[in-house]
Each structure stands twice: as structure tokens, then as C-alpha cells.
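*Asks:* Would you mind keeping the following structure in view while I ask a few things?
Every number here is computed from the coordinates shown, using simple stated rules; none is lab data. All of these numbers come straight from a predicted model, not from anything done at the bench. Here the Cβ is made from the backbone with ideal geometry for all residues, glycine too, and neighbour counts use every protein chain on show.
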Amino acid sequence: MTHKLSLLASALALALSTPALAMTQSQLDALGAGIALGYQVVDNSQDEWRTFRGQISLTNQGAVPLPATGWAIWFSHIRDIKALDTPQFKVTHVNGDIFKLEPTASFVPLNPGESLSFQFDGDAWQVSKSDVMPNWYFASTHQGQPISALIQSTSNRIQGAVPTAPSDELPFVADFTSPSQWKRYDSPALTDHYDPFTAADRYARNQGLAPLPHPVGVIPTPAEQTLGQGSVQLGSDWTVVYDNGYQEQAQYLAAQLGLAAAPWSPSTSKVIKVGWGPVSLDGQSKWQEAYRLKVDPALDLITLAAVDQAGAFYGAQSLLQLRQGSQVPAIEITDAPRFAYRGFSLDAVRNFRSKDAVLALLDQMARLKLNKLHLRLADDEGWRIEIAALPELTEVGARRCHDPDERSCLLPFLGAGPDGTPESDGYYTASDYGAILAHAQRLNIEVIPEIDMPGHAHAAIKAMEARYHKLMAAGQPQQAQEYLLSDLADQSDYLSVQMFKDNAINVCMASSFHFIDTVIASLVDLHAATQPLTRFHFGGDEVAGAWRDSPACQQFFASNTQGITDPSQLSQYFVERVASLSSARGLNLGGWEDGLMHNNLVYPRANLANASVSGNAWQNIWEWGVADRAYNLANSGYQVIYNQATHLYFDHPYEPDPNERGYYWAPRFTDTRKTFGFMPDDLFANADYTRAGAPISKEQVLAGAGVKSLERPENVLGLQGSLWSETVRTDDQFEGMVFPRVIALAERAWHKAGWEADDASAKPLDETARTQDYNRFANLLGQRLLPALEQDGIAFNLPVPGAMLEAGVLRANISLPGLTIQYSQDGGASWQTYDDANPPSVSGQALVRSVSGLRASRSASVQ
């Protein structure tokens, strides 16, 4: 029955005369079970790019009315809500992505069987299901205490399932079926050029890719390799022998092969010898991480010579990839890395990744010769590392729940719901972190911890406020002030990118730097036993306009002797203080690019005390005029890690499809082929499309760049990919977003391809050669590497095939040749394997998908 708005007048007088009611937990639970909530994006094009129109519906499927008062709906929403089109509700922004929807005096109780819906205007746009967060909930009070109940129709756990795709975990979100829903904007002034790919679109995109018979090779590609004739057959009668200093690497290799390891002794055959040996490439001696591998069937001998232990470890990885069963093909490899820094950064905060998930990630990073794990441990939405001196950081900061005061937990950001979830809650104990460090050390991977500050610090700020209130209540005012990060009298009005009102550590307070020093000292201690800490990453990104109305800062301005008189000067002051604190403990410093500059003016490198300061260059949206920041930092004396969002941010969707997971703020999508095609030696040559999908050239980007060339290439350390986890809740989702894109990252970080553009030599891109090289790479992935990942239990992303009908014959292809394609002619009730050599005849509509093990991709319709 449709809700009758004609009842408003009669109900209004009653509602106005009735005091606000509290509810019992059982009453609230009944509402959570009985009210079905629906969410729909209606139109993104209504106001150019400024606002979108959405709709929320409530249907009472329960046995009791939704009453006029006594409740509110709390929910996560990544876009600010500007206005509602109904007088029955009001909406309030609480903090971050948390909003509260409350009935007004005009609300008419919703009886069983009735429905109501209303529309709202939100900021910007929403073009993907994963933009919407799950686990909305009812909140009320009982005996003066907050109570809550999950609206079960919005749960991301349907009958205990662990969903992978947004469509699985967000059933309350309506499908995106029209361009006004899946495009961000559509006006004469600004056009979104992206539509979801059809099967025919994918088929055309995959042209030039074809299966290669029995490809042999290693990923990442060695610098030099020569394939010989024949192969050796490993058996139990083989032995891994080693020189002094290479025992650990030999034992690792032996364990992987199921063989024995022993010190070197003269032997004529059936030996894998691991030891020292010189490596030279292009007439130059290599001194770090380099190796030579020779598989000689004539002598039944495998020789692995390396310049150091890391080189021996990477040579072992190459040998393990070459093995097919017990066979290893005859080959000679001479190899060394392109970059010393080959990293991956994991956001373990927005949604938590367990210790076991990180250990599994480290195993795969080692396989790919990646050697840096940049681990983000603190952000607005959580604190994920045990600091013994400050237990509140994890007692409060590692949990989310419905506590409006945030004294026992953080608010349930990012769809955590009233009681949190296994993904929203958790942290690494000292023991957990030690296990991660020990495993990384064995795999030649350095762990670089990041505690983001002064912005992105809501979790730390609220945890220290909880500590303050606890100690004040205990009559310990001096101790309460010791680690306080916020000026409790600060009236500054600001909003961060993620809509936080209070996420910037107050840099005018001595207690803030006492806190930072304590945290750094604790990290040094945690690392000491296993992998001594060498670099502390302070984040520094996206600091909002805080501190303008802070009495503590006004006092600081009046009393300091450094000439600091304005909040705009505080960011540089903060970085210099953190540099001094970390340098005093013998550490290098890392930060995001915007943490090392203000208004595109780089802070003087000489003012930072550390021997090395590195910056992750990330914000390179081509049309924004910021793509030169990497060169700017390097030319200014900073060491730079290329971390460009357009190619190396793996939180973006694989396709421009509303059913694909991920935010899309830099490019609309990033697939494995795009990451593979990244060219580090000419950053501007990577320019391809604007955010809207309009072509953009290197020349156009250069015209808007302040710094047009790299003058100090020696300051480029290497490459890093990143996974931000706002929409990534489960381990399967995490692995799907990372793999196989991280494999393409590893390829570019280790190997320089001949087709790449090079600004120093004015060499242009060879697009034909790039396509041929990607075909080789994609075949090795599809036929060799991804099956190994499947065996390891890694839930890598399965691409949707391309397909078309040609005179009634189904033609299909895939971006990773070797993966199995299936087709269905009965709407998905049954599936058959597609054979490219004998394509089937079909009539009517067909579906195609790819499969690996028991997993399948999204299906695509062909007709």
C-alpha cells in the first residue's frame, strides 16, 4: 500500500503534542528486521557536475509500525547530502561519511505493508554500486544510553555469504540502467565519454592479443635471456648446494622444490649450485640484487650465481617460475632490477587486512621481486598497530560502533554498521607485527610503516581525547594533557576531502610532538629484533584548512621566535619538526608529495634533518596541471617514488562499469594493460585521457606544467602501486583489486622494455611493439602465472571476455589469453567451454564469462 501523504495534516497535531520517545532494544531490533530500505541513483546529469539526484525508499515488511518519533537512521554516505525533497525527514552530517536521517514533526507512522520514498540531492555524482556503503542502522536511546539495530536489508552479509562483487553485497542498491545513472555528468560544457563496455567493445579492445602455444618465460622479464634446447628433470636425486653466505637462499629454494640442501662440494651433475658470481649487463657490473641463472641439460646442472643474497633469492624465484612440473627448460638469464625501490602500499586502515592476508601478500610480492611493503597503519577511520604506551589507540581507534561520543570506539565509518564488522575492526598486536616483519625479512622485503599526520588523524585524535577524559575523571589532569592531539577550545571550521571536521593533529601543541615521538620510538622498538626500522613515513597528505581558530595556535604565534604567524606556515613547520624527531632516532623520512609542499611550492630540502627524504608522487590527473610534481620534487633534492594515480592506484575499477568495485576519481578505470604500459622514463608521455575520457596529449599536459623535465634522474628511487581500501572489505575483494595489476607494476619496476618512450633521449613510444610485448606478458599471466596464483588460493580478478556473433558463430577473446572462456545459451543455467579453434554456432542471445578453479567473472551478453 502506498503511504498516504493526505494523513499528514491529522497526524501533525498529534506529533507536535507527543514528546520524543526512546525505544527498547527489542523494539529497535524489530524495526531493523522489518523495514526494507532501498537506494537508487536517479540522475547524475541534473546540475552539470555539481549534484546528483538519489532516492531512498522504506517499506514496512514487519508486523509493527515505524513510529513517528524515537528513532533515527544512521548511515555512511561518501557524498555530502545537500537537500531532501520531503518535509518528513531532516538529514544531518555527523562527521566523515556518517549521516543521520531523522523524522520531523511531519512524519506519519509507516504501518505494516506501507511504503514511502523520497529523493535527495547529493554532492557531485555516484556512478557505481560500490559508491554506496552497506549496513545502515536504526539508533535510539534507552535509559539514557545509545542503542542501535542493523537494518538487515542493507547488510553486506547475506545469509552468511562473503560477497565479492558489489551486486552481491549491496542488494538494496538498484541497478544502473541508463546513461544518466552511469555517467558523472552530461552537458554541453562537460561530457562524460564513458559507457559500460559491451561484449563487442571488449572484443575490439582485445584485438592484437592471441594465445601463444606453451609460452616460456619469467615475470618480471629478465634483462637478458636465451632459451636453449631441451630441459632438465628435477628429481629426489638432485641437491641444492651453496657457497658460504648463501645458505638461507639455498635452503629456501630447496624447500620449494622438495629437495635437500647442503654446503658446496664438487659434483658433476644433478646439482643446483647457489653462490657468488659477478654479473655484468651492457658492459656494466651490477652490484645489487643481480644474478645469473643457467640451466644446462647436457650437464644436468643448474647454476645460480649472484652478487648478493637478494640476487640469489630473485634468481631462485625465476627458477621456480620456469619449472613446469619437474621440468626446467634450458635457459640462460642475466638479470638485475631497473629500480632499487619496487613497492606496494597497502591501506590496512579503512578496512583491515589480517596478519594472514599480509603474509600471503608478502609471498606473492617475493615471487614478483617486489621489495618494499609500505603499510599504512593509521588514518581517519582507524589505528591498526599496538603501541604499548598508548593502549587507547587500539582500544578505541581499532573499533567502530555506534558511540556518538567516540569514547569507546570510532563512529562506524565506511559502512561498518552499529556493531562493526570483521573488516572494520582489528589491529596488529606486537606479536602479529613481529611475525609480518620476520616473514618480510626472509623474503627480502622491507616494511615501511606509515602513520599519517597531521591530517587523516581522526582515529588518533579521538583515541587521545578518550584517554584525556578517562584520566580527567580519575583526577589526573597533568597525565591527561600529556598526549592530547586537539585543542579542545578550537573552533576552526573545516572539512577534509573525506568530510571530517576534526582530523588534523594540532601542530601548535607540545603534546602533539610528544605523541609523535612516542609512536616513532615504539615503531623503532617493534622493528629492532627482526628488521631494524630505516624509514618512517609520516603521510602528510590532504591536510584541510585547520587551526585557524585555535587558541593554542594563537598563543603559539605570539610566543614563537621562528616568525610563524599564520596557519598556512604550520605545515612546513610540522614537517621540519617530524624530520628532526625521526632523524634523532637515525631514521630516514617518507611522505606523500603534498606533505612536502604547499601550493606547489616544495619545502626546502636543506631544512629537513634526515639523510634521505622520499616523496610518493601520486596526484597526476592530466588536466589539473599537477602532473609535474614528481619532477619538481626530484629536481628539488628529494628522492621520489613514482606512485601515479592514473596507472598505479589499484582502488580504481578495472572497467567503467557500475558493477565494478572501486572509486574512480583519477582515471575512470585502470586495467592490467594500462599499468603494464606505464613509462617511468617519460612521465608526460603517459598522458592518454582526462577523467571524463577525452583524449589528452603529452604536449597539452606539458603546456600546463611548471616543471617540464627531470633534471636529477638519480633521485628517482622507483615505482609503487597502491591499494586504498574504502570499498574493499573482504580478503577476496582485496586480492581481486590487487592481482593481476600488481604483476604489471612489478614488470615495469624491474624491467625496462624497448618500446618505452624515454624523455632523456627523445625516444617516442613504439605502440606496435608495446602491443606485441603485452601479448607475450598476458600469455605468461594467463597460462603460467595465474594458475599458480589460483593454486596458492589468491582470488585474482577474472576479466570479462570480449565476444561477438559473426554469421551465427560466436567469436570470443580475452585480455589474458590462456584463461578459460565459457559460454551459455540458456541464460546461465549451464555453461560450456569455448574453443577458439572450433567456435560454436549459436542462435539468439548468449552469455560469456571467464573461469578459474571454482570462480567466475561477471558474465556479458552477446546477441
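*Asks:* So what are the ³J(HN,Hα) numbers for the stretch 545-553, from phi and the Karplus equation (6.51, -1.76, 1.60; θ = phi - 60°), rounded to whole Hz, Gly and Pro as x?
*Replies:* So the J values, rounded to whole Hz, are x, 8, 6, 5, 10, 9, x, 4, 6.
*Asks:* Principal axes first, then extents: for the Cα atoms of the stretch 669-768, list largest minus smallest coordinate on each axis, whole Å, largest first.
*Replies:* 44, 32, 30
*Asks:* Follow-up question, since we're still on this one. Just to confirm a number: summing +1 for Lys and Arg and -1 for Asp and Glu over residues other than Leu702 whose beta-carbon lies under 12 angstrom from that of Leu702, what do you get?
*Replies:* Surrounding charge for Leu702 is -2.
*Asks:* In addition: Please list, in chain and number order, the residues 5+ apart from Lys82 or on another chain whose amide H is under 5 Å from its amide H, with Hs placed from the backbone.
*Replies:* For Lys82, the qualifying residues are Asp121, Gly122, Asp123.
*Asks:* Hey, another quick one. Using only Cα atoms and rounding to the nearest 10 degrees, what angle (0 to 90) does helix 309-322 make with the longest principal axis of the chain?
*Replies:* Roughly 90 degrees between the two axes.
*Asks:* HN-Hα J couplings of the stretch 750-762 from phi, Karplus 6.51/-1.76/1.60, θ = phi - 60°, integer Hz, Gly and Pro as x?
*Replies:* Along the stretch 750-762, the couplings run 9, 10, 9, 8, x, 7, 5, 5, 9, 5, 5, 9, 6 Hz.
*Asks:* Ok, one more. Sorting Ile505, Ile564, Ile35 on the 10 Å Cβ count, fewest up front, what's the list?
*Replies:* Starting with the residue having the fewest Cβ neighbours, the order is Ile564, Ile35, Ile505.
*Asks:* If the label point is 7 Å along Cα→Cβ of Leu854, which residues in the stretch 717-739 have backbone nitrogen under 11 Å from it?
*Replies:* No residue qualifies, since no backbone N sits under 11 Å from the label point.
*Asks:* Another question, if that's okay. If the limit is 18 Å between Cα atoms, which of Lys674/Lys698; Lys708/Lys752; Lys674/Lys752; Lys100/Lys129 go over it?
*Replies:* Lys708/Lys752; Lys100/Lys129, as the Cα separations exceed 18 Å there.
*Asks:* Let me ask something additional. With θ set to phi - 60° and the Karplus curve 6.51 cos²θ - 1.76 cosθ + 1.60, what are the ³J(HN,Hα) couplings of the stretch 809-815 in order, to the nearest whole Hz, using x for Gly and Pro?
*Replies:* The phi angles translate into 9, 7, 10, 9, 8, 8, 6 Hz.
*Asks:* Could you list Cys401, Cys409 in order of exposure, starting from the residue whose Cβ has the fewest other Cβ atoms within 10 Å?
*Replies:* Working: Cys401 19, Cys409 24.
Fewest-to-most ranking of Cys401, Cys409: Cys401, Cys409.
*Asks:* Right, something else. What does the charge count around Asp243 come to, taking other residues whose C-beta lies under 13 Å from its C-beta (Lys +1, Arg +1, Asp -1, Glu -1)?
*Replies:* The answer is -1.
*Asks:* Straight-line reach only, C-alpha to C-alpha below 17 angstrom: list the lysines that Lys462 could link to, leaving out same-chain residues fewer than 8 apart.
*Replies:* Correct list for Lys462: Lys470, Lys501.
*Asks:* Let me ask something else. Could you state the per residue volume, in Å³, of the convex hull enclosing the Cα atoms of the stretch 224-335?
*Replies:* That works out to 91 Å³ per residue.
*Asks:* Looking at the chain, what % of the alpha carbon pairs are farther apart than 37 Å?
*Replies:* 49 percent
*Asks:* Would you calculate the separation in nanometres between label points at Ala609 and Asp566, each defined as 7 Å from the Cα along the Cα-to-beta-carbon direction?
*Replies:* Going by the 7 Å Cα→Cβ label model, 2.8 nm.
*Asks:* Can you list the residues, at least 5 places off or on another chain, whose amide H is less than 5 Å from the amide H of Ser155, using H built in the peptide plane?
*Replies:* HN-HN under 5 Å from Ser155: Asn135.
*Asks:* What FRET efficiency would be calculated for the residue pair Ala63, Ser861, taking the C-beta separation as r and a Förster radius of 60 Å, to the nearest 0.05? Could you put the intermediate results ahead of the total?
*Replies:* Working: r = 41 Å, r/R0 = 0.68.
The formula returns an efficiency of 0.90 here.
*Asks:* Taking the alpha-carbon distance from Lys355 and a cut-off under 23 Å, which lysines remain once sequence neighbours fewer than 8 residues away in the same chain are dropped?
*Replies:* The reachable lysines, counting only those whose Cα sits under 23 Å from Lys355, are Lys369, Lys372.
*Asks:* If you fit an axis through the alpha-carbon atoms of helix 8-17 and take the longest principal axis of the Cα set of the chain, what angle between them do you get, 0 to 90°, nearest 10?
*Replies:* 80 degrees
*Asks:* Would you pull out the residues with amide H under 5 Å of Val279's amide H, same chain only if 5 or more places away, H placed 1.01 Å from N?
*Replies:* Hits under the 5 Å cutoff: Lys286.
*Asks:* I'd like the orientation of helix 355-367 relative to the chain: the angle between its Cα long axis and the longest Cα principal axis, in ° from 0 to 90, rounded to 10.
*Replies:* Its long axis makes an angle of about 30 degrees.
*Asks:* What number, rounded to the nearest 500 deg cm²/dmol, is the helix-based mean residue ellipticity at 222 nm of the chain, given -39500 (n - 2.57) per DSSP H run of at least four residues and division by all its residues?
*Replies:* -7000 deg cm²/dmol
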